[in-house]
Amino acid sequence: METVVSGIRSTGNLHLGNYFGALRNFVKMQHTERCFFFIADYHSLTTHPDPNMLHVNVKNVLSEYLAAGLDPEAATIYVQSDVPEVAELSLLLSMHAYVGELERTASFKDKIRKHADNVNIGLLSYPVLMAADILQHRATRVPVGKDQEQHLELTRRFARRFNQLYQVEFFPECQPYTFGGNLVKIPGLDGNGKMGKSEGNGIFLSDTDEAIRKKVMKAVTDSGPTAPDSPMPEVIANLFTLLKAVSTEDTVRHFTNLWNRCEIRYGDLKKQLAEDMIKVVAPIRTRIQDIIGDDAYLSRVVKQGAEKARESSSRTLSDVRRIMGIKPF
Ligand code: TYM
């Protein structure tokens, strides 16, 4: 049995990128592996969210986890900040993480480009805290989207460095994971880049059917293929990537053939895409609405999760302390 860890930041409602890149895999793995899934509220503090909104967002993500099918009896579901051991492990790991390698991380470079006025230490050490999230449970598998690949590479590097330095075989080297093999990058509806929580280009698990139809019909397209079998421009290829995620193989084949024959009508493609997205989103949205008001249930879930996560985390932490030479009198 593998030990699996993954988390999603509490920075807003979850979208189809989070669902196909991460959450759907969480649900698939929970009954066969030893799973820890958390809400990364510490990680969401790097962008200074409104304190009143932080808890609302944690509650949203928790409700979305449960609505998508995570079962608290099968997986350990918890809030990152309910397990303070992770902060100490992050501190200990940071002694062996070098500023240069953190500065070279693509996500850090991207963040300093976008938020030059807020280049805080939390941003720089983001991958160290992420490594602590994973290593505290000594995980071997981490279901994530493509954008997290480099962070996992760093986690493996920190694990290897720790083992070599202290001459132990303590931390396993975790691998990113997705069903089907290739890590997923779900594009946005604006024609470029990936779907993101704050990019204004996403379909959210909480979106109404009407909102989904409106957004999809407004998705960026071009003037259409000019010759049979012409290569697909990125904006159209992105729509097909979305179609592959939500539709049947037959549907994808049908529209691919229309493209190749130069007979595609983008209006029809978008209508189909919207209806197939609705098939994924609508049942989850209905369950979110049922769960989100049940504070007693939500609080039971995270209390039970934090207890189990702390048990696992504190065991690792006391070993790490001992290995590094921190000993009680
Ligand atoms: P976050 O909140 O940015 O993303 C959460 C998960 O959703 C995936 N994802 C996507 N996958 C495919 N296509 C997209 N457009 C898309 N957008 C987001 C991300 O790859 C991720 O799997 N650093 C993590 C949170 C974290 C974590 C961890 C994850 C903190 N500690 C430990 C795994 C293990 C993040 O950025 O989350």
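Each row is one residue, and each column tells you yes or no for (1) closer than 23 Å to GLY193 by Cα; (2) within 11 Å of the ligand (Cβ to nearest atom); (3) among the aromatic types (Phe, Trp, Tyr).
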residue: ASN52; (1), (2), (3): no, no, no
residue: LYS59; (1), (2), (3): no, no, no
residue: LEU66; (1), (2), (3): no, no, no
residue: VAL79; (1), (2), (3): no, no, no
residue: LEU92; (1), (2), (3): no, no, no
residue: HIS96; (1), (2), (3): no, no, no
residue: VAL99; (1), (2), (3): no, no, no
residue: LYS109; (1), (2), (3): yes, no, no
residue: VAL128; (1), (2), (3): no, yes, no
Across (1) closer than 26 Å to THR47 by Cα; (2) within 11 Å of the ligand (Cβ to nearest atom); (3) open to solvent by less than 70 Å² (accessible area, probe 1.4 Å), ALA139 clears everything bar (1)
Note on THR46: of the conditions (1) open to solvent by less than 10 Å² (accessible area, probe 1.4 Å); (2) in contact (Cβ under 8 Å) with a residue 40 or more places away in the chain; (3) not in a strand (DSSP E or B), unmet is (1)
Inside region 184-199, the number of residues satisfying the requirement of being assigned to a loop (DSSP other than H, G, I, E, B), open to solvent by 30 Å² or more (accessible area, probe 1.4 Å) and in contact (Cβ under 8 Å) with a residue 12 or more places away in the chain is 6
Looking across region 148-183 at residues that are part of a loop (DSSP other than H, G, I, E, B) and in contact with an Asp or Glu (Cβ under 8 Å, 6 or more places away or on another chain), the single one that is surrounded by the fewest Cβ atoms within 10 Å (Cβ to Cβ) is PHE170
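Can you tell which of THR221, THR226, THR256 is of a type in the set (S, T, N, Q), outside the structural domain of LYS114 (by TED's automatic domain parsing) and in contact (Cβ under 8 Å) with a residue 40 or more places away in the chain? Step through it out loud before you land on a result.
On the way: THR226 fails: in contact (Cβ under 8 Å) with a residue 40 or more places away in the chain; THR256 fails: in contact (Cβ under 8 Å) with a residue 40 or more places away in the chain.
Only one candidate qualifies: THR221.
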Wholly inside region 238-329, helices (runs of 4 or more DSSP H) that include 3 or more residues that are acidic (Asp, Glu) are 266-291, 295-324
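The values are calculated or read from the model by the stated rules, or taken from the named source; none is laboratory data. Since this is a predicted model, take the numbers as computed values, not measurements. Reconstructed Cβ throughout: ideal geometry from the backbone, glycine too, with neighbour counts over all protein chains shown. The area values use the complete protein model at the heavy-atom level, side chains included, leaving out ligands, DNA and RNA. Shrake-Rupley method; radii C 1.70, N 1.55, O 1.52, S 1.80 Å.
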